[in-house]
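Written below as structure tokens is the structure these notes are about.
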Amino acid sequence: MARLFIIGCGGVARVAIAKCCQNSEVFDEIMIASRTVSKCEALAEELRPTTKTVITTAQVDADNVEELTALIREYAPVAVLNVALPYQDLTIMDACLAAGVHYIDTANYEPEDTDDPTWRAIYEKRCKELGFSAYFDYSWQWAYQEKFEKAGLTALCGTGFDPGVTSVFTAYALKHYFDEIHTIDILDCNGGDHGYPFATNFNPEINLREVSAPGSYWENGKWIETEPMAIKREYDFPEVGEKDMYLLHHEEIESLAKNIPGVKRIRFFMTFGQSYLTHMKCLENVGMLSTTPIHFEGKEIVPIQFLKALLPDPASLGPRTVGKTNIGCIFTGIKDGKEKTLYIYNVCDHQECYKEVGSQAISYTTGVPAMIGSMMVVKGLWNKPGVFTVEEFDPDPYMEALNRWGLPWVVDENPQLVP
Ligand code: NDP
């Protein structure tokens, strides 16, 4: 039995919280703390009649370390699950250290203000040294290694689907199917349709920043960066069908390159329809994806935040999204001296997710692993002092939990490969 402190009450949080409430044997008490407390209260009221888990709510600004630390100390949880935004990763890690509790998240650190000169100087140095220009990277959180080690606390980074399950699939493939993995292709396919001309499936600001950035992949020990959407492939996804997919930079490439010995190439592909890409290019061309504030009628506004206010709330897509997602990894490598290929994937149905927890599959496929990662930490199955990504732990209990908690996976030993 454990007490979990959950920060954020958006699309992903809703699923993680619903899943904790289904799992009252492990999570007997949870705190939902977020910026807008009315959302926490509404969700708590909805879930209380369905669960034995005791739910408390609070208002918190997770950018404020002191305020957050005081609230965590008062509630005294075993761990904090951060399902707010990547902007809050470092302040929440600081608060966890101050309060002496474990830390869990689903996305690596990214600054809210990319024009901040101190951050920018470090970023530009990193771009030159490492060769990829994404705003997010693990260096900020890996820098907490010694602090978490000394405190005897675990920081588990990236327990969503991608990053998260995709990295656990990799650890599982390495443990059970390969002596050496040589290539990893991570394939993220959303075959769902929400009926709007344009909407994003999770936080628009984070989502649009990610997909409008240059692509990159890891090959022979270094990063290779491409123009945004420059590499396109077609793939026939099991249970979804033929889709166009594009190479993107993605955060798990960075940690897998570090943690999977002998890996020669890691790529990440995501499916997009032509209409989504045309809308995004147009918004980008007119400056609507910019994070730099502008003055408008005597007020300062950030274009991408204004756009977020115009777009449908991702949490509202649940009832209208139909179709399936298919997310997984294709591996090639060596087993017992012979070449081997393997595909591990999960298929998730948007409407099934909505019936179960009132969310579409993108939030579901992230929220379920957020609960599972938290369970691994609070049960002591995945406890090591320091800062870790999910592939650094034994994948077996996590893989078992995926089957039990709604994300069953399939192993295909003869998959179609990506050229
Ligand atoms: P949402 O925008 O729907 O929710 C974010 C929540 O965080 C909101 O409740 C928001 O409050 C709250 N919040 C924001 N700032 C603060 C703050 N300073 N203090 C307290 N609470 C705050 O985002 P999503 O649910 O779509 O995404 C959540 C996380 O999941 C993100 O980090 C995202 O990158 C990650 N993610 C990971 C994936 C993976 O597979 N690994 C896939 C998809 C998402 P308010 O209601 O007031 O706005």
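Structure above, values below:
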| quantity | calculated |
| --- | --- |
| Extreme residue, farthest from residue 173 (Cα to Cα), among residues of the stretch 237-269 that are out of contact with any Phe, Trp or Tyr (no Cβ under 6 Å at 6 or more places or on another chain) and of a type in the set (A, V, I, L, M) | 240 |
| Residue within the stretch 213-233 that is within 16 Å of the ligand (Cβ to nearest atom), in contact with a Ser or Thr (Cβ under 6 Å, 6 or more places away or on another chain) and open to solvent by less than 10 Å² (accessible area, probe 1.4 Å) present | no |
| Flag for residue 243 being basic (Lys, Arg), away from the ligand (no atom under 16 Å from the Cβ) and surrounded by 17 or more Cβ atoms within 10 Å (Cβ to Cβ) | yes |
| Pair list, Cβ under 6 Å, 6 or more apart: the stretch 362-373 residue over 13 Å from residue 350 (Cα atoms) and of a type in the set (Gly, Ala, Ser), other residue open to solvent by less than 10 Å² (accessible area, probe 1.4 Å) and part of a helix (DSSP H, G or I) | 367/15; 367/16; 370/16 |
| Scan of the stretch 8-17 for residues that are open to solvent by less than 10 Å² (accessible area, probe 1.4 Å), more than 6 Å from the ligand (Cβ to nearest atom) and either of a type outside the set (Gly, Ala, Ser) or within 7 Å of residue 83 (Cα to Cα) (or both), ordered by number | 15, 17 |
| Verdict on residue 160 being buried (at least 19 other Cβ atoms within 10 Å of the Cβ) and in contact with a Pro (Cβ under 8 Å, 6 or more places away or on another chain) | yes |
| Subset of the stretch 267-280 (residues that are closer than 26 Å to residue 388 by Cβ and open to solvent by 10 Å² or more (accessible area, probe 1.4 Å)) | 267, 270 |
| Residues satisfying the stated conditions in the stretch 18-39, i.e. closer than 16 Å to residue 77 by Cβ and either touching a Pro at 6+ places or on another chain (Cβ under 7 Å) or away from the ligand (no atom under 13 Å from the Cβ) (or both) | 20, 21, 23, 24, 26, 27, 28, 29, 30, 31 |
| Boolean, residue 264 is surrounded by 13 or more Cβ atoms within 10 Å (Cβ to Cβ) and without any contact (Cβ under 8 Å) to a residue 40 or more places away in the chain | no |
| Within the stretch 236-277, tally of residues that are in a strand (DSSP E or B), among the charged types (D, E, K, R) and under 27 Å from residue 105 (Cα atoms) | 2 |
| Qualifying positions in the stretch 191-212 - away from the ligand (no atom under 11 Å from the Cβ), farther than 18 Å from residue 253 by Cβ and surrounded by 18 or more Cβ atoms within 10 Å (Cβ to Cβ) | 191, 192, 194, 199, 208 |
| Strands (runs of 3 or more DSSP E) fully within the stretch 40-149 counting 2 or more residues that are farther than 19 Å from residue 251 by Cβ and within 13 Å of the ligand (Cβ to nearest atom) | 54-59 |
| Positions within the stretch 68-118 being open to solvent by 40 Å² or more (accessible area, probe 1.4 Å), touching a residue at least 24 places away in the same chain (Cβ under 8 Å) and not hydrophobic (A, V, I, L, M, F, W, C), in sequence order | 73, 94, 100, 112, 113, 115 |
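Residue-by-condition table, conditions (1) over 18 Å from residue 256 (Cβ atoms); (2) in contact with a strand residue (DSSP E or B) (Cβ under 7 Å, 6 or more places away or on another chain); (3) open to solvent by less than 10 Å² (accessible area, probe 1.4 Å); (4) part of a loop (DSSP other than H, G, I, E, B):
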{"position": "348", "(1), (2), (3), (4)": "yes, yes, yes, no"}
{"position": "356", "(1), (2), (3), (4)": "yes, no, no, no"}
{"position": "369", "(1), (2), (3), (4)": "no, yes, yes, no"}
{"position": "377", "(1), (2), (3), (4)": "yes, yes, yes, no"}
{"position": "381", "(1), (2), (3), (4)": "yes, no, no, yes"}
{"position": "397", "(1), (2), (3), (4)": "yes, no, no, no"}
{"position": "406", "(1), (2), (3), (4)": "yes, no, no, yes"}
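The values are calculated or read from the model by the stated rules, or taken from the named source; none is laboratory data. Everything numeric in this text was worked out from a predicted model, so none of it was measured. Backbone-built Cβ (ideal geometry, glycine too); neighbour counts: all protein chains shown. Surface areas here come from the heavy atoms of the whole protein model, side chains and all, with no ligands, DNA or RNA. Shrake-Rupley method; radii C 1.70, N 1.55, O 1.52, S 1.80 Å.
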